[in-house]
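The values are calculated or read from the model by the stated rules, or taken from the named source; none is laboratory data. As the structure is a prediction and not an experimental result, all values here were calculated from the model. Note: ideal-geometry Cβ built from the backbone for every residue, glycine included; neighbour counts use all protein chains shown. All accessible areas refer to the heavy atoms of the entire protein, side chains included, with ligands and DNA or RNA removed. Shrake-Rupley method; radii C 1.70, N 1.55, O 1.52, S 1.80 Å.
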Amino acid sequence: MILVLDFGGQYNQLIARRVRENNVYCEVHTAVSMEKIRELNPEGIILTGGPQSVYKEDSLLPPMEIFNLGVPVLGICYGAQAMAHVLGGEVKPAQVSEYGKTEVEVVSEVKLFAGVNKKSVAWMSHTDRIFSAPEGFIKTALTKNCPIAAMENPAKNFYAVQFHPEVVHTVEGAKIFSNFVNICGCKRDWKMSSFVVDTIAKLKNKIGDGKVLCALSGGVDSSVAAALLSKAVGKNLTCVFVDHGLLRKNEAAEVVEVFSKFDLNFIKVDAGERFLGKLRGVVEPERKRKIIGEEFIRVFEEVSKKIGAVDYLVQGTIYPDVIESGLGKSAVIKSHHNVGGLPDFVDFKEIVEPLRLLFKDEVRQAGRELGLPENIVNRQPFPGPGLGIRIIGEITAEKIKIVQDADAIYREEISKAGVKNLAQYFAALTNMRSVGVMGDGRTYDYAIALRAVLTSDFMTAEAAQIPWEVLSVVANRIVNEVKGVNRVLYDCTSKPPATIEFE
Ligand code: XMP
C-alpha cells in the first residue's frame, strides 16, 4: 500500500484516487503517529499539499523518521516544501505566486519523469517555494518563476514536485503517479474484488461474534455497507431503516419492498413526526444537518437498546462525505449527516464505516462484486438529510408535500423521455415566492428549482443539458398539478462554485 499523509490541501482526495487507478491500495491519514505508520508498513509515502507555510511555528510537518524508513517519498506542493524544510533545504515566500496552468520543463531525465514530455502544462497553486534543495538533491524541473519546480534525491528515492500531478489539468500527472508506483515496487494487484474480500475478512476479525446495527437508507452506499457486513457477521447484523419523513414520494414503501426480499434482520422506524418537531423553526443549513445527524443517532441508539448488547453502528459513509465535512485542516463545505453532523456523544462502542475511503463509482463497483442487483447499484444518490436540505428555509409538512410531488413529476418525465447518464437529478423548493397569474386570478406562490448533474465522483459536477421539450413538460405539469407552486426554474450552475444539493 501507499500511505498519503494529509496536510489539508484541496485536491488531496484525488491523490488517493490517482494511486488506486494504478491498482495499488492507498490510505489517507492526517496527523498520524510513527507507530501507526510502521504498523501500516507502506511501500511508499506521499506528502500532500496544504494551506500552511513550513516556516510558521504551528505548521504540521512530516515526522523526520519517515525519511529513515527506506521507502520512497513523494512530496507534492506543501509536501514538497515540507520535505525540503525537514531535510535541511530552504523554503521562503516566492516573489511571484503561481496559480493555475503553468508550463513545466523537465531538466533531468529521472525515474519520476520517465516517458514524460520535456515541456508540458501543470497545475500550480503556491505562494511559498523551495529556494535551496537539501543536500543530495538535484533539480529536476523548473517553470518561468520557479527554478525548483521539482527535485529529487535519487540515492534515497525522495521526490518533490511543486505542482499538482493529481489534478486533470496537469497533463503528465497520471504518468508521474504511475512512475512513482513503479519506483515503490508496488505489485498493482489491488482490485475491487480484493478490496471486498479483504474488507470482509477485516470486519470478521474486528467484530467477531459482536452484534451490529447498520443504518440502511436504501441508497447505494448503505446497501453496499450492509452487504459487506452481512457477509462478515451474518445474522448478527440488523439493518435499520429510519423513515424521517423527508424521503421522496413512495420511497419508504419501495425500500421496504426491496429489502424484505433479502435474508436480513430488517427494522423500519417511522420517525417523521419526531424529526419534524426537532426541525421546527430551523432555517440555517448547517443547523438542519446537525439536528438530522443527531436524531438519526438517537433513533439508532434506541433500537440498539431494544435489541440489547449492540456494540457497533455501521454507516455507509464514503470519501466525499468525509472530505466535504472538513478532514484534518481542510475547510468544512457542509457537514454530511453521517460525519460532521454526528453528535459529540454516540452510545456505541464504535462506528464502523467500511466504505470511508471509496468514491461513489468505486462503491458501485464494490456493490457489483457483492452481487447486489443493478437497480440498487445504479440508484442515484439521495442524501441522508433527504428533502430537509432541498427545502430552503424552514421545513413544514406543507413544503415537504410540495417538493415530494414536484420531484415525483420530474422523475416520472425524465424516465418517460429516456434521458440517460444523469448522475443525480431532483426538485428543490426555493424559499422564494413570486407573483403569477392563474385562471383570471393573481397568485403569490413558491418557485421550484430543478437540478440535474453529470459527474462520476460527486466532488465536481456539471449541470446536465436536459432537452427543452422535457423541461417544459415538467414545468407545465408541476405548476398545474402541485398546489402552491407557480414558477419552475432550472439550475445551470456547475460544482464548484455551487454544490449539488442546495444546502
Ligand atoms: P454536494 O451537495 O455536497 O453533494 O455537492 C455531493 C453528494 O453528496 C450527497 N450529500 C449527502 N449525502 N449525507 C449524505 O448521505 C449528507 O449529509 C449529504 N449531503 C450531500 C449529495 O446528494 C450528492 O450526491
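Heavy-atom accessible surface of GLU369, to the nearest 10 Å², is about 100 Å², with a 1.4 Å probe and all protein chains retained. The heavy atoms of SER193 offer some 50 square angstrom of accessible surface to a 1.4 angstrom probe.
By how many degrees, 0 to 90 and rounded to 10, does the Cα axis of helix 360-369 deviate from the longest principal axis of the chain? With rounding to tens, the tilt is 80 degrees.
Projecting the Cα positions of ASN338, VAL196, GLY281 onto the charge dipole of the stretch 192-377 (unit charges on Cβ atoms of Lys, Arg, Asp and Glu, taken about the Cα centre) puts GLY281 furthest along the positive direction. Excluding ALA461 itself, what net charge comes from residues whose Cβ is under 14 Å from its Cβ, given Lys and Arg +1 and Asp and Glu -1? Residues close to ALA461 contribute a combined charge of -3.
Beta bridges assigned by DSSP with both partners in the chain are antiparallel in approximately 50 percent of cases.
Ranked by the mean number of other Cβ atoms within 10 Å of their residues, highest first, the peptides 150-157, 488-495, 414-421 fall in the order 150-157, 488-495, 414-421.
For LEU3, neighbours were defined as the other residues whose beta-carbon sits under 12 Å from its Cβ, and their charges (Lys and Arg +1, Asp and Glu -1) total -2.
At the residue level, HIS85 shows approximately 70 square angstrom of accessible surface with a 1.4 angstrom probe and all protein chains present. The share of accessible area on the stretch 192-377 that comes from carbon and sulfur is 50 percent, using a 1.4 angstrom probe.
Highest mean packing first, where packing is the average number of other Cβ atoms within 10 Å per residue, the peptides 185-192, 457-464 line up as 457-464, 185-192. Taking a sphere under 13 Å around the Cβ of VAL310 and counting the other residues whose Cβ falls inside, with K and R at +1 and D and E at -1, yields a net charge of -2. Per-residue ellipticity at 222 nm, computed for the chain from helices alone with -39500 (n - 2.57) per DSSP H run of at least four residues, works out to -10000 deg cm²/dmol. Placing +1 on the Cβ of every Lys and Arg and -1 on the Cβ of every Asp and Glu, with nothing else charged, gives the chain a dipole about its Cα centre of roughly 380 debye. How much FRET efficiency would the formula 1/(1 + (r/R0)^6) give for GLN380 and ASN431, where r is the Cβ-Cβ distance and R0 is 35 Å, rounded to 0.05? That pair, GLN380 with ASN431, gives E of 0.90.
When both the stretch 183-248 and the stretch 22-44 are represented by their alpha-carbon centers, they are found 22 Å apart.
For the stretch 413-503, pairs of C-alpha atoms spaced more than 15 angstrom apart make up 61 percent of the total.
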